[in-house]
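Heads up, the thing below is written out as structure tokens.
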Amino acid sequence: MRKRTFLFVLTLLSVSLAALAQPKKVVTDKVTAIVGDRIILLSDIKNSLADIARQGGTVPENGECILTEQAIISKVMMLQAMKDSLPVTDDEVEADLDNRIRSYINQFGSQEALEEVAGKTIYQIKDDARESVKEQKFAQAMQRKIVENVRITPVEVKTYFENIPKDSLPFYESELEIGQIIVYPKASRDIEQYIVGEMNNYKKQIELKVVTFDQMAKRVSEDPGSKDRGGQYQVNRTEKTWDPVFLSTAFRLKEGEISSPVKSKFGYHIIQMVQRNGDDAVIRHILRIPPVTEEEIGAAKVKLDSVRAKVIKGDLTFNEAGTKYSDDEAAKYTGPYLTGRDGSTFVTIDQLDKALVSMLDKMKVGEYSKPVEYESEQGKKGVRVVHLKSRSQPHRMNLNDDYSKISQFALEEKKARTLDKWLQGKLPTYYVMLDPQTAEDCPLLKKFEPKN
């Protein structure tokens with residue numbers, strides 16, 4: 001229960017903005033609790049519950065009580081953060097709002113669809129959510145301050161594990177640590193010039209209204225992520241995930257204008273500015289990837305074979321080789337090893353591409369593959385060397401195989417206890433008032449009632 005409390009504290013506020021996009025709202029409303037000078041509305045609780053259900057989450061029978069508890073805790077942490085003058089800037093709040101809005105636009109398909117479902121413009125949605133997001137930021141800052149110095153010792157990890165009932169130990173599928181160094185050969189200049197000529201022809205046909213940009217993108221674009229949408233994306237000029245050349249070219253265009261062919265790390269594009277609002281824009285693009293020949297693939301294999309030999313000889317580590325030679329952007333920052341859903345370097349088979357799974361069937365732990373041809377998710381041809389660093393067998397949780405996981409679980413539990421202790425000390429210093437019906441329906445909220 002304590003761990004659930006710690007992890008769930010900020011969940012209510014994290015989904016509250018999504019609730020704004022719900023087509024149906026709760027009509028009957030009342031103040032279900034007051035913390036200091038801040039109120040908690042029943043409608044906010046119910047909308048958050050509805051949003052959890054809409055996203056496929058499981059709502060417990062006492063979900064309304066649990067969310068109210070979390071809302072009270074969040075308000076206390078937010079008020080204390082403001083009292084302690086913890087830094088939360090307007091820029092942080094706006095960045096959070098922008099990220100969430102982009103997420104909902106992707107979810108609903110377009111800005112227009114989101115606005116239709118919400119019954120509000122993007123700016124109204126952001127205005128309505130700004131205060132709650134700011135409160136959330138303060139609560140998060142306070143939570144970080146409370147647990148920032150919490151550490152865990154090996155003895156505590158062992159004790160935590162030994163206290164888990166043996167019949168409750170989770171079963172883990174096989175996990176692997178896999179690294180890859182990828183090289184994308186460059187197409188010949190003649191091929192690139194041919195592609196540029198074709199793209200200029202696309203632009204001319206669109207401007208002469210022989211075909212629409214949407215139709216041409218569906219016909220010839222090699223971007224699988226946008227081809228079926230006629231090349232459309234919602235972009236923000238401050239996002240770091242976009243190629244900087246692509247982004248700067250797009251934001252130099254006027255609405256309706258089409259760029260000349262421009263080269264990015266993915267290939268050649270022509271870009272059309274559809275609609276722009278400040279740093280946000282809707283654009284369309286057509287991507288063509290210049291094909292590489294067998295000769296160019298062969299040269300990349302020779303290059304990677306040389307790199308592989310240096311690693312095997314010990315002249316450099318696989319990590320060093322990945323940072324120095326890999327064309328994979330992620331390898332430059334996080335290293336050449338794939339990361340799993342929990343952010344660790346352990347992955348499961350279902351997270352790998354089919355070609356990689358086939359390679360691993362023939363590899364032993366510690367081996368480095370020969371350079372093999374590879375095709376990225378964007379359809380770009382390359383060559384890669386793969387390192388199988390480790391492979392665990394399916395097993396029940398144990399200290400030898402899963403120490404890092406168990407250590408993290410133990411740390412989170414210790415943080416939860418630290419948070420609970422802090423709350424027990426702080427709650428008496430804040431005015432908390434519960435709606436009588438809420439207090440009657442939710443016994444778990446009695447701890448918030450003033451002591452006589």
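No value in this document is a laboratory result; all are computed from the given coordinates. This structure is a prediction, so every number in the text was calculated from the model and none was measured. Glycine gets a Cβ as well: all are built from the backbone with ideal geometry, and neighbour counts include every protein chain shown.
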Open item on the list: Residues of region 129-160 with the amide nitrogen closer than 19 Å to a label point 7 Å from the Cα of L41, along Cα-to-Cβ, please.
Closed with: 129-137
TODO: Once you have the Cα-Cα distance between N400 and F171, take 0.36 nm times their residue separation minus that, and quote the gain in nm to one decimal.
DONE: 81.0 nm
Open item on the list: Given a Förster distance of 45 Å, report the FRET efficiency between D353 and M433 from their Cβ-Cβ distance, rounded to the nearest 0.05.
Closed with: 0.20
Task: Percent RCO, i.e. relative contact order, over region 374-452, from Cα pairs under 8 Å lying at least 6 residues apart - done: 15
- [ ] Note down the relative contact order for the chain as a percent, whole number, built from C-alpha pairs under 8 angstrom at least six residues apart.
- [x] 22
Task: Peptide ranges 288-295, 130-137 listed from the most packed, as the mean C-beta count within 10 angstrom indicates - done: 130-137, 288-295
- [ ] Convert 25 °C to kelvin, take the viscosity as 0.890 mPa s, use the Kirkwood radius over C-alpha pairs of region 189-288 as Rh, and evaluate the Stokes-Einstein diffusion coefficient in µm²/s, rounded to a whole number.
- [x] 183
TODO: Give the distance, in whole Å, between the Cα centre of region 227-244 and the Cα centre of region 294-371.
DONE: 28
Task: Packing-based order for 369-375, 245-251, using average beta carbon neighbours within 10 Å, highest first - done: 245-251, 369-375
Task: Electrostatic dipole magnitude of the chain [Cβ: Lys, Arg +1; Asp, Glu -1; Cα centre; debye, to 20] - done: 660
TODO: Mind giving me the FRET efficiency for D29 and L444? R0 is 35 Å, r the Cβ-Cβ distance, nearest 0.05 is fine.
DONE: 0.95
- [ ] Divide by every residue of the chain the summed helix terms, -39500 (n - 2.57) for each DSSP H run of at least 4, and state the resulting mean residue ellipticity at 222 nm, rounded to the nearest 500 deg cm²/dmol.
- [x] -15500 deg cm²/dmol
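Mind ordering 84-90, 122-128 by average Cβ neighbours within 10 Å, highest first?
Top to bottom by mean Cβ count within 10 Å: 122-128, 84-90.
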Open item on the list: With the cut-off at 1.5 for a/c, could you classify the chain from its C-alpha gyration tensor as rounded, prolate or oblate?
Closed with: oblate
TODO: Take L444, L287 and order them by how many other Cβ atoms sit within 10 Å, fewest up front.
DONE: L444, L287
Open item on the list: Name the residue from I283, T89, T345 whose Cα lies farthest towards the positive end of the charge dipole of the chain, charges +1 on Cβ of Lys and Arg and -1 on Cβ of Asp and Glu.
Closed with: T345
TODO: Would you list the membrane-span-like helices of the chain, meaning whole DSSP H runs whose alpha-carbon atoms span at least 15 Å along their axis and whose mean Kyte-Doolittle value is at least -0.5?
DONE: 42-54, 63-83, 294-313
Task: Separation in nanometres of the label points that stand 7 Å from Cα toward Cβ, at Q124 and K218 - done: 3.2
